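Participant: Let me give you the structure first, and then I'll get to my questions.
Values in this text are rule-based calculations from the coordinates and carry no lab data. Computed from a prediction, not measured in an experiment: that's the story for all the values here. Cβ placement follows ideal geometry from the backbone for every residue including glycine, while neighbour counts extend to all protein chains displayed.
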Amino acid sequence: PFACAHCPKAFKNKKTLTVHQQVHTGERPFACDRCPRAFRNKTALKIHQRVHTGERPFACAHCPKTFKQKQALTIHQRVHNGERPFHCA
C-alpha cells in the first residue's frame, strides 16, 4: 500500500495517495476561470461552474423545480414521497 506521510491513511495506488495529500497541502489545482475559487478535483469545479452558467441539470419528476446538484434534488423529492429519514429525539 501507499502510505500517507501526514496521517495514518494508506491507499492501493499512488494516484489515490497523491489526490489525498491535497487535503494536507491545501493544493487546489482546478481553478475557476470566472472567479478566484479553486478546487481539489475536476468534479467539484464542474459543480461550482453551475453558479456562473445557471445550469440546473437535475429536474424533479413531480413538479417544475430544477437543481444544480443531485443531492439537492434527492432531498427535495422527500416533499413528494413523504420520506422522513430523521426522527425527533
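Condition check ((1) charged (D, E, K, R); (2) surrounded by 11 or more Cβ atoms within 10 Å (Cβ to Cβ); (3) over 18 Å from the mean Cα position of the chain (by Cα); (4) in a helix (DSSP H, G or I)) across all residues:
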position	(1), (2), (3), (4)
GLN21	no, yes, no, yes
GLU27	yes, yes, no, no
HIS76	no, yes, no, yes
HIS87	no, no, yes, no
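Participant: For segment 60-71, does any single residue satisfy the condition of being in a helix (DSSP H, G or I) and out of contact with any Leu (no Cβ under 7 Å at 6 or more places or on another chain)?
Facilitator: Checking segment 60-71: at least one residue is in a helix (DSSP H, G or I) and out of contact with any Leu (no Cβ under 7 Å at 6 or more places or on another chain).
Participant: Same structure, new question: Can you tell me how many residues in segment 31-52 are among the polar types (S, T, N, Q) and within 12 Å of LYS68 (Cα to Cα)?
Facilitator: Counting residues in segment 31-52 that are among the polar types (S, T, N, Q) and within 12 Å of LYS68 (Cα to Cα) gives 1.
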